[in-house]
Amino acid sequence: MYRFFIYCFLLQFLFTPTSLKAQHSTDSLQQKSYKELQNLFLENRNVDSIKAKKILKVYMEKAKKNLDTLKIAQAFRLYCLDKSEENKQPYLDSIIAITKNKQNKNYPAFAYHRKAQFFLHQQRNIEKTLNNLNQARKYAKLNNNISLLYKIEHNIGIIKSEHLNEKQEALAIFKECEKFYKDNDRYIYRYLFTLHVIAETYIGLKKYDSASYYNNLGYNKAVNGTDAEQNKMKAYFILCEGINQHTKEKYTASIDSINKAIPTMIEYNDISNIIDSNFYLGKSYYDLGNKEKAIPFLKKTDSILETLNSIPQYKHVKTYEYLKNYYKEINDLSNQNKYLNKLNTVLDNYLNDQIFISRKVKEDYDIPLLIEEQQVIIKKLNKNNDTYISGLLISGILLLISGGLIYYQYRKRRLYKIRFEQLIIDSKSNIHTPSHSNQKVKSKKSSDLKVPEKHVTYILNKLDEFEKNHDFLNIGVSSQSLADDIETNVKYLSRVINHYKNKSFTSYLNELRITYAVKELQENVMLQKFTIKAIANEFGYNSAETFSNAFYKQVKIKPSYFIKELRKTKSDKSPLSM
């Protein structure tokens, strides 16, 4: 027993100084100003990530304790620094949510601008990019953030020039940016980048001498600098002039310039300019008649384009045209068909997406002729593989598939009918009404929730109000927005719903909405006449697809079928039908 006490004493002696030291460290951090904490975080984030997280936690706790919205937003911004682009989005959304009604020079404009960059560079979703840029511009103007405003205008110019083919409008935007950046050394990198995009835009407008002027101007400005970014910009101007030389049909000069620039693009992993470098090297060799040397560069361009989760820039569509024509010349039907299929697919995407330049596609390409060409190739390929036998096999398979589909549709209609009838019975007996499981105590102790008991009772009461007031029908409801509305912690809210409702917040919200939708669609005849999109909006959904998926997941039939059967049932009961 004596030894046991000695052992405990030694353990206490060993660990108490460490504990006291950690506590002292935390107390010391809490005494520091926001600026000191931020500087400490930036100093440690690449050296000691654990310490950096601790510092940032103290920063956030201090901001929350002081109810300082803008400092909370700044903390979210600092959290973004060590996150991937995709993982930054929730923090940016949080900044927007808390600063819309309490703005300053940076917020929420900064968050909208960063979201726009994500949609442009990571997803190439032009519509969402423009929506976020317009919001960023609105708040930057409102709060007189001139520096950010010109960055936003610059991004809008990029969209107009590279994605919407509105180069003249883009040029006007870039020229305004150039005036702002020109005489301010603080913006030297932005100034150089603006000169670069002006040169690129002049190439698109076929004003090659003007493009050369701006490339030379930018190169001479960059060559005098010692900064790494300025040094990188020299390569950008060399590449741009190489592309310009290609458009002037000076292919050897073009190849020489691009070969000088491409190592820098690879060093900085600049995917967009790596694509351009390979594309124009391929084009230059192709136009020189050296097709054997051109094809590897064009295939490299294609392989990189395949990694992008988006439609390629319009100029890069030529990649597929060159490859298709090359394999046509050497009578390689398989590869000819492969690249013709890629060409038709990309052109079809342009034609179906009004964001892009569908008019220009129709001017540049004879779409029906390309489709006809592909059909001819497929026929030739089939012929080479014994068309007659293949035709018989395909016909047999199609017959089997058709029979299977007919039987599948019959079974599906029968199953849907049974589900519909059961749904009507269940809805009348309130079987599908979400249970107020907050009235029913689970066997699991609420203390296991790690939520104070008073908070549990409070949240359950608020959820009752949320259900009774039909607040779940509001578009845009999320766990965060509901937590804000009922003035609680989103973690507490999620834990209570998981425990007492026995489902996630999303499942809980969908069940409330769909149960209500089933009831309303039966009782409200006018609602049955709405489009699925309009009905979706009535029940809190942004899109018809999301509503249909949620409806099917819960009741196992599509809303369109449900409405059709409701109408049919009403028609059958009508006196006129008797």
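Strictly greater than 22 Å: what percent of every Cα pair in region 48-153 meets that?
The answer is 32 percent, as a whole percent.
Within the same chain, lysines fewer than 8 places from K529 are excluded, and of the rest, those with a Cα less than 30 Å from its Cα are K412, K417, K428, K468, K519, K553, K556, K558, K564, K568, K570, K573. Looking at region 463-557, the chymotrypsin sites (Phe, Trp or Tyr not before Pro) that sit in a DSSP loop and have at most 16 other Cβ atoms within 10 Å of their own Cβ are F530. Scaling against 2.2 N^0.38 Å puts the C-alpha radius of gyration of region 97-215 at 1.10.
Counting only Cβ charges, +1 for Lys and Arg and -1 for Asp and Glu, the dipole size of region 182-271 around its Cα centre is about 200 debye. Extending 7 Å from the Cα toward the beta-carbon at both Q103 and D485 defines two label points whose distance is 2.5 nm.
Take the Cα of K250, step 7 Å toward its Cβ, do the same at Y268, and the gap between the two points is 2.4 nm. Taken along its principal axes, the alpha carbon cloud of region 211-332 reaches lengths of 53, 33, 21 Å, longest axis first. What the pair-distance distribution of region 437-577 shows, using all Cα-Cα distances binned every 10 Å from zero, is 11, 37, 27, 17, 7, 2, 0 percent. Computed packing ranks the peptides 265-274, 455-464 as 455-464, 265-274, most packed first, by mean other Cβ atoms within 10 Å. Simple spin-label estimate for E292 and D27 gives 8.0 nm between the two label positions (7 Å along the Cα-to-Cβ direction from each Cα).
Each of M233, M526 was scored by other Cβ atoms within 10 Å of its Cβ. Listed from fewest to most, they are M526, M233.
Its relative contact order, with pairs defined as Cα atoms under 8 Å and 6+ residues apart, puts region 200-300 at 19 percent.
Using the beta-carbon distance between K468 and D68 and R0 = 25 Å, what value does 1/(1 + (r/R0)^6) give for FRET efficiency, to the nearest 0.05? Taking R0 as 25 Å, the efficiency between K468 and D68 is 0.10. Among the trypsin sites (Lys or Arg not before Pro) in region 83-175, those located in a DSSP loop and surrounded by at most 14 other Cβ atoms within 10 Å of their own Cβ are K83, K100, K102.
Charge dipole (Cα centre; +1 on Lys/Arg Cβ, -1 on Asp/Glu Cβ; no other charges) of region 437-577 amounts to roughly 620 debye.
Counted by Cβ distance under 14 Å from L81, the other residues give a net charge of +3, where Lys and Arg count +1 and Asp and Glu count -1. Dipole of region 437-577 computed with +1 at Lys/Arg Cβ and -1 at Asp/Glu Cβ about the Cα centre; of I486, F505, Q554, farthest Cα towards the positive end is Q554.
The numbers here are math on the coordinates, done by the rules we state, and not lab data. None of the values given here were measured: they were computed from a predicted structure. Every residue, glycine as well, gets a Cβ built from its backbone with ideal geometry; the counts of neighbours run over all protein chains shown.
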